[in-house]
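The values are calculated or read from the model by the stated rules, or taken from the named source; none is laboratory data. For clarity, every value in this text was computed on a predicted model and none was experimentally measured. Here the Cβ positions follow ideal geometry from the backbone for every residue, glycine too, while neighbour counts run over all protein chains shown. To get the accessible areas, we keep the full protein, side chains included, count just its heavy atoms, and leave off ligands, DNA and RNA. Shrake-Rupley method; radii C 1.70, N 1.55, O 1.52, S 1.80 Å.
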Amino acid sequence: MASAADLDIHHTAYLGPDGEPLQALPESLSAPESLVALYRDMVFARLFDTRAIALQRTGRLGTYASLLGQEAVGVGVGHAMRAEDVLLPSFREHAVQLKRGVQAEEIYRYWGGDERGSDFAGPKEDFPVCITVGGHTPQAAGVALAFKLRGEPRVAVCVMGDGATSKGDFYEGLNAAGVWQLPFVCVVTNNQWAISTPRREQTAAETLAQKAIAVGIEGEQVDGNDVVAVAAVVGSALAQARAGRPALVECLTYRLGDHTTVDDASRYREDAEVSAAWQRDPVARLRLYLTNQAGWNKDREQALLAECEQAIERAVEAYLETPPEPVGSLFDFLYERLPEPLAAQRKALLGGDRG
Amino acid sequence: MATVAEVNLLGAVNLALKRAMTEDERVIVFGEDVGVDGGVFRATDGLLQSFGPKRVLDTPLAETLIAGLAVGLAAQGFRPVAEIQFMGFIYATLDQMINHASRLRTRTRGRLTCPMVLRAPYGGGIHAPEHHSESTESLFAHVPGLRVVIPSTPADAYGLLLSAIRDPDPVVFLEPKRLYRQVSEPVEDDGTGVPLDRCRVRRAGSDITLVSWGAMMHETLAAADALGADGISSEVIDVCTLKPLDTATILDSVSRTGRLVIVHEAARTAGFGAEVAASVAEAGLFDLKAPVLRVTGWDTVMPLPRHESAYLPDAARIVEAARRVMAYD
Ligand SMILES: Cc1ncc(C[n+]2csc(CCOP(=O)(O)OP(=O)(O)O)c2C)c(N)n1
Ligand SMILES: [Mg+2]
């Protein structure tokens with residue numbers, strides 16, 4: 001029997017769960033300063049997250065989706081991207097948004113129920129988070145097509161969960177990227193759960209990365225709790241994509257928290273599974289590596305924590321002090337110019353004549 | 001360079017696409033079979049030859065993709081004009097249109113916008129196979145942030161499509177395919193758009209207001225002729241833009257005639273006629289001399305071609321409704 005296709009999915013890891021290197025680190029990421037910078041961003045993302053949950057618990061933020069445990073994916077992807085690339089994130093990808101230059105207070109604003117949170121001062125062309133699971137995949141193909149048609153060396157990067165890979169729009173977007181060889185990278189944050197549905201109930205496929213093979217693009221898997229692996233593999237995927245070879249990167253990680261602040265994960269998963277996953281904590285892993293290999297110590301750790309906590313504190317203050325948006329804004333961004341029939345509704349909203 | 005061409009509605013769509021692509025290089029056209037084949041109805045005929053493969057793209061067979069591509073391209077500053085081959089296949093775009101296209105501007109407070117057009121042939125009357133004849137415009141008309149535009153003449157197809165493409169917000173542009181080749185008229189290809197968000201008074205009259213759009217305009221005009229022969233003067237309004245609805249033009253007409261019949265081929269319940277009737281009830285009730293009647297498709301599944309004519313309203317049904325309305329003093 002002849003073989004019709006040669007299908008192979010690579011898995012990449014540089015740091016073991018104990019922080020020990022499994023192989024020599026890629027040169028671009030081996031310098032202690034680079035790794036400390038990545039570590040800082042992961043710590044910052046975690047503090048951002050802890051604070052978001054605290055704000056929600058005290059009634060100062062709406063329902064929020066925690067990124068706990070997935071810091072390495074976001075920071076690694078954000079590190080690999082160029083400023084001029086465009087990010088289309090799903091709702092849990094605050095870490096990559098922060099790394100892209102979206103301000104913490106902007107993200108708080110969004111989850112605090114204020115649309116202005118998606119009017120980023122930083123990455124002007126990045127998309128707001130996609131709440132409809134997978135819906136941003138065909139949009140990313142559209143953004144990538146725009147780059148290709150204009151001949152710009154930029155990449156559209158969409159980031160989504162394992163659940164998204166079961167959807168048709170995920171496939172449609174990926175498929176178009178393959179047909180047109182678009183500058184497109186799809187990052188799948190496989191955190192093993194889609195609310196209460198475990199990864200094995202999403203698909204019988206052995207890996208999510210192999211879904212790329214069906215559409216004729218490159219699919220790879222990385223240890224998503226290893227920021228070095230994420231940054232390196234997504235980095236080369238981006239370089240390939242810039243040259244017109246799209247890719248999918250599956251990052252294996254774990255959602256350490258509840259699905260959102262209104263979820264209770266103890267209803268559907270064992271504590272033992274979560275405790276085991278903590279052994280693979282991406283933040284501790286890099287800290288161990290830095291401690292063993294780069295002279296990281298308690299003082300530096302304390303200083304870093306203090307710096308990040310202060311920055312988060314400032315963001316929280318800025319968020320909480322945001323003046324309310326005038327209520328007429330309901331209408332003000334619906335169309336470029338408010339159509340006449342709607343002007344009456346706007347007036348009714350503002351003017352007391354609510355009939 | 002303005003040339004006057006005698007074209008049907010399909011030809012007018014084609015002219016408008018060419019004009020828009022010529023005047024603005026951000027305009028690109030894509031969809032299933034729109035390139036080499038020029039579209040299954042030939043609406044995009046010749047575009048690939050004139051503008052090349054970077055501006056006219058055949059997509060994989062995937063409607064969610066087509067709408068999603070449009071959202072991504074529009075956010076990046078293109079002016080995508082996407083074709084859905086038949087309205088029966090447009091439902092896979094709803095997630096993109098409702099959750100994304102219609103609200104990208106709102107969600108980002110204007111940072112990203114979605115100046116796209118989603119074109120689709122719609123409606124019955126050409127004895128097409130199953131799923132090729134529905135008229136579900138009210139699905140889109142319900143969605144804040146969208147525009148829904150439906151031409152009923154070649155000249156309006158040209159002018160409204162140009163305006164839709166130039167519009168800075170998403171437009172669903174539905175083409176009554178029964179009219180594609182039915183009538184021709186001279187259309188001046190001078191790039192002049194027809195304003196959106198305005199109803200057109202197709203015929204002035206004083207006794208009764210008939211409101212319709214799309215292919216039903218022609219049945220409605222035929223009904224107006226028949227009524228005229230009996231001395232009943234009908235004012236005929238072509239809605240053109242369903243959303244946002246220009247209620248002022250309709251109310252003004254009803255304030256003069258005091259009578260209203262609404263005609264559409266879509267099913268009755270929650271059809272767009274209900275919106276027109278409700279608007280008149282809210283703001284023009286005391287101008288009415290008679291109940292408002294709707295002449296619509298039945299609340300049934302759109303039948304296969306053998307029963308199509310039993311489903312679609314025709315001039316006779318419209319005349320009958322108009323007479324009932326006229327019977328009130
Ligand atoms: C299309 C769609 N279906 C259902 C939901 C409700 N929902 C929100 S998140 C979620 C699970 C998503 O799982 P996954 O893609 O793995 O992302 P994760 O939450 O793990 O980050 C579901 C079912 C949704 N937002 N969108
Ligand atoms: Mg998941």
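A Cβ-based charge dipole, computed about the Cα centre of the range A:11-324 with Lys and Arg at +1 and Asp and Glu at -1, lands at about 420 debye. Checking every one of the trypsin sites (Lys or Arg not before Pro) in the range A:54-105 against DSSP loop status and a limit of 14 other Cβ atoms within 10 Å picks out A:Arg60, A:Arg82.
In the protein assembly as shown, the DSSP beta bridges split such that about 20 percent are antiparallel, to the nearest 5.
Each part gets one Cα centre, and for the range A:284-355 versus the range A:85-132 those centres are 9 Å apart.
Remark: the range B:208-308 carries a charge dipole of roughly 200 debye about the Cα centre, counting +1 on each Lys and Arg Cβ and -1 on each Asp and Glu Cβ. Ignoring GluC sites (Glu not before Pro) that are buried or in helix or strand per DSSP, and keeping those with at most 16 other beta carbon atoms within 10 Å, what is the longest stretch of chain A between them? Answer from the scan: A:85-205. Taken across both chains, chains B and A shield about 3600 Å² of accessible surface from a 1.4 Å probe. Counting only Cα atoms, the size of the range B:200-326 along its three principal axes is 41, 34, 23 Å, in decreasing order. Expressed as a whole percent, the accessible surface of the protein assembly as shown that belongs to carbon and sulfur atoms is 52, based on a 1.4 Å probe. Applying both filters, DSSP loop and at most 16 other Cβ atoms within 10 Å, to the chymotrypsin sites (Phe, Trp or Tyr not before Pro) of the range B:221-329 gives B:Trp298, B:Tyr328. Going by alpha carbons, how many degrees (0 to 90, nearest 10) lie between the helix axis of B:63-75 and the longest principal axis of chain B? Value to nearest ten degrees: 70. Per-residue shielding of A:160-169, expressed as the average number of other chain Cβ atoms within 10 Å of the residue Cβ, stands at 2. The residues of the protein assembly as shown have, on average, 39 Å² of accessible surface per residue, using a 1.4 Å probe with all protein chains present. The residue among A:Phe184, A:Val283, A:Thr260 whose Cα reaches farthest toward the positive pole of the charge dipole of the range A:11-324, with charges on the beta-carbon of Lys, Arg, Asp and Glu, is A:Phe184. Shown for the range B:44-91: residues covered by the partner protein chains by 50 Å² or more of accessible area relative to the chain by itself (probe radius 1.4 Å), namely B:Lys54, B:Leu57, B:Pro60, B:Leu65, B:Leu69, B:Gln76, B:Phe78.
Each stretch of four or more DSSP H residues adds -39500 (n - 2.57); spread over every residue of chain A, this sum gives -14000 deg cm²/dmol at 222 nm.
Build a GNM of chain B with springs between Cα atoms under 10 Å apart, and of B:Ala75, B:Ala101, B:Ala155 the one that fluctuates most is B:Ala75.
Pairs of Lys residues in chain A are counted when their Cα atoms are under 29 angstrom apart and they lie 8 or more places apart or on different chains; the count is 10. Place +1 on the Cβ of every Lys and Arg and -1 on the Cβ of every Asp and Glu in the protein assembly as shown, take the dipole about the Cα centre, and give the residue among A:Ala272, B:Thr300, B:Ala92 whose Cα lies farthest towards its positive end. The residue sitting farthest along the positive end of the dipole is B:Thr300. Taking the DSSP beta bridges in the range B:3-189 as the whole, what percent of them are antiparallel, to the nearest 5? Beta bridges within the range B:3-189, antiparallel portion: roughly 25 percent.
Please list the helices of chain A that count as membrane-span-like by this rule: a mean Kyte-Doolittle hydropathy of at least -0.5 together with Cα atoms stretching 30 Å or more along the helix axis, each helix being a complete DSSP H run. Qualifying helices: A:32-57, A:298-320. The alpha carbon gyration tensor of chain A gives principal lengths a ≥ b ≥ c with a/c of 1.5 or higher and a/b no greater than b/c, which makes the shape oblate.
Across the options B:Ala120, B:Leu57, B:Gly110, the greatest Cα extent toward the positive end of the charge dipole of the range B:1-146 (unit charges at beta carbon of Lys, Arg, Asp, Glu) belongs to B:Gly110. For the range A:265-327, chymotrypsin sites (Phe, Trp or Tyr not before Pro) are listed when DSSP marks them as loop and at most 16 other Cβ atoms sit within 10 Å of their Cβ; the list is A:Tyr268. Separation of the range A:161-192 and the range B:296-324, taken as the distance between their Cα centroids, equals 45 angstrom.
Over the range A:1-103, all Cα pairs binned in 10 Å intervals from 0 give whole-percent P(r) values of 13, 36, 29, 15, 6, 2, 0, listed from short to long. In a reduced charge model with +1 at each Lys and Arg Cβ and -1 at each Asp and Glu Cβ, the range A:1-136 shows a dipole moment near 620 debye about its Cα centre.
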